[in-house]
Amino acid sequence: MPVGFGIVGCGMIASFHAEAIKHIKGAKLAACFDTYAPGADKYGAERGCKVYHNLDKMLADPDVHVVNICTPSGAHMDPAVAAAKAGKHVVVEKPLEITLKRCDAIINACEKAGVKLATIMPSRFSPANRALKDAIEEGRFGRLTLGDTYVKWWRTQHYYDQGGWRGTWAMDGGGAYMNQAIHNVDLLQWFMGPVAEVCGATATLAHERIEVEDVGAACVKFQNGALGVLEASTSCFPGLLKKTEIHGTEGSVTVEQDDILLWQFVKDTAKDKAIRKKFEKKVGGTGGASDPKAISYAGHMEQLKDLIKSIDSGSKPMVDGVEGRKSVEIILAIYQSAWTGKRVTLPLKSDPKRPK
């Protein structure tokens, strides 16, 4: 019997979920729901799945085993909690939610119901990033000293104007950090370890009629003593490929999009030569640097396969709710620092209050 997926929210990102499901053996897109009924009708007709205009009815469908939350960021909690209470496994698009309180509500609901929870962070499944993570865990870098990540993207004014929720605190939860750079925020803490302290600044420089930042820069101190930089923007024409640089006393690696530009260690091995040869042909694409639709479904596919494996084995998904919460906390700490002009230590005791 195939694992049946139900989509909640039939906007742009839902198409990537559908493509990912289509390419997984033993998986099926069983149903969809959207509060905007015509959107659900159109999506269901295109994807060949059952259409629901009532969420509770979709959650009662025995053919739906996993519910994918693809609503705007600030509308993740309610359907995710409802899905968990209905006994369905839950997949939530990034960010898990836009406040820690709402993230915790989702995590707690899934734990109480005994269902799996996965937060979509497909960059962790990139071969280049997996190779980098393995090198860190093998101790190849010596002592980690510096970790930087840059997301210098471009979004037009039309991008924000066409979606009423985009660029709002209530539904987007933030700007270039929370919406675009969150994948690299997640990667950096995954590579470097927990964040101890941040000092950040944000601004809105290139767009009108948005409440959130379109450029930000933050200095980071990690618990292991290493330092780093987190840059995020949707105001850098024409949009550059995202980049992550990890440095230590015995090695340095630079990953641009899904390509390795630098892979150098004090003690070179045959494996290092093989990795450099594998990634000398650039395959990363643009990754949405200027067009949010120009991403691949491959990362989503690998992550959903990981979820299915966790359901079958009883193990945790690679990026569960606790993992998905980490990037949200770091970003909220950057916002708090930007609002107060002070350094902020983690973990946060509560959600920061935005000045009126």
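We did not get these values from a lab; they are worked out from the coordinates using the rules stated. Computed from a predicted model, the values in this text were never measured in an experiment. We place every Cβ from the backbone using ideal geometry, glycine too, and count neighbours over all the protein chains shown.
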*Starting from the Cα gyration tensor of the stretch 1-86, take the square roots of the eigenvalues, sort them a ≥ b ≥ c, and report rounded, prolate or oblate (rounded when a/c is under 1.5, otherwise prolate if a/b is larger than b/c, else oblate).*
rounded
*State which stretch of the chain is the longest one without any exposed chymotrypsin sites (Phe, Trp or Tyr not before Pro), exposure meaning a DSSP loop state and at most 16 other Cβ atoms within 10 Å.*
170-356
*asked:* Please report the spacing between the Cα centers of the stretch 172-249 and the stretch 107-171 in Å, no decimals.
replied: 11
*For the pair V322 and Q162, how long in nm is the line joining their label points, each one 7 Å along Cα→Cβ?*
4.0
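Exactly which GluC sites (Glu not before Pro) in the stretch 107-147 are in a DSSP loop and have at most 13 other Cβ atoms within 10 Å? Please report the intermediate quantities before stating the final value.
Values: sites: E111, E137, E138; in loops: E138.
Those satisfying the criteria are E138.
For A201 and K112, what does the FRET efficiency come to when R0 = 56 Å and r is the distance between their Cβ atoms, rounded to the nearest 0.05?
Plugging the Cβ-Cβ distance into 1/(1 + (r/R0)^6) gives 0.90.
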*Using a basic spin-label model with each label point 7 Å from the Cα along Cα→Cβ, how many nm lie between D63 and S252?*
5.6
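If contacts are Cα pairs under 8 angstrom and at least 6 residues apart, what is the relative contact order of the stretch 141-226 in percent?
So the answer I get is 34 percent.
Would the stretch 294-339 count as rounded, prolate or oblate if I go by the C-alpha gyration tensor, calling it rounded below 1.5 in a/c and otherwise prolate when a/b exceeds b/c, oblate otherwise? Intermediate results must be reported in sequence, preceding the final value.
On the way: a/c = 7.31, a/b = 1.79, b/c = 4.09.
It comes out oblate by the Cα gyration axes.
Arrange the following residues from fewest to most other Cβ atoms within 10 Å of their Cβ: H158, H89.
Details: H158 8, H89 25.
Neighbour counts put them in this order, fewest first: H158, H89.
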_Calculated FRET efficiency for the pair A170/R143, C-beta based, R₀ 51 Å, to 0.05_ = 0.75
*Anisotropy class of the stretch 28-138 from Cα gyration tensor, a/c 1.5 cut*: prolate
*Helix 100-113 axis, angle to the chain major axis (alpha carbon atoms, nearest 10°)*: 60
*Out of the stretch 22-91, which trypsin sites (Lys or Arg not before Pro) are coil in DSSP terms and have no more than 16 other C-beta atoms within 10 Å?*
K25
_Helix 321-340 axis, angle to the chain major axis (alpha carbon atoms, nearest 10°)_ = 60
*Rough spin-label spacing in nm, given labels placed 7 Å along Cα→Cβ, for Q223 and K282*: 3.7
*Which FRET efficiency value, to the nearest 0.05, do you get for L348 and V266 by plugging their Cβ-Cβ distance into 1/(1 + (r/R0)^6) with R0 = 25 Å?*
0.10
_Candidate values (1) 25.1, 99; (2) 19.0, 58; (3) 20.0, 60, label of the one derived for Rg and Dmax of the Cα atoms in Å_ = (3)
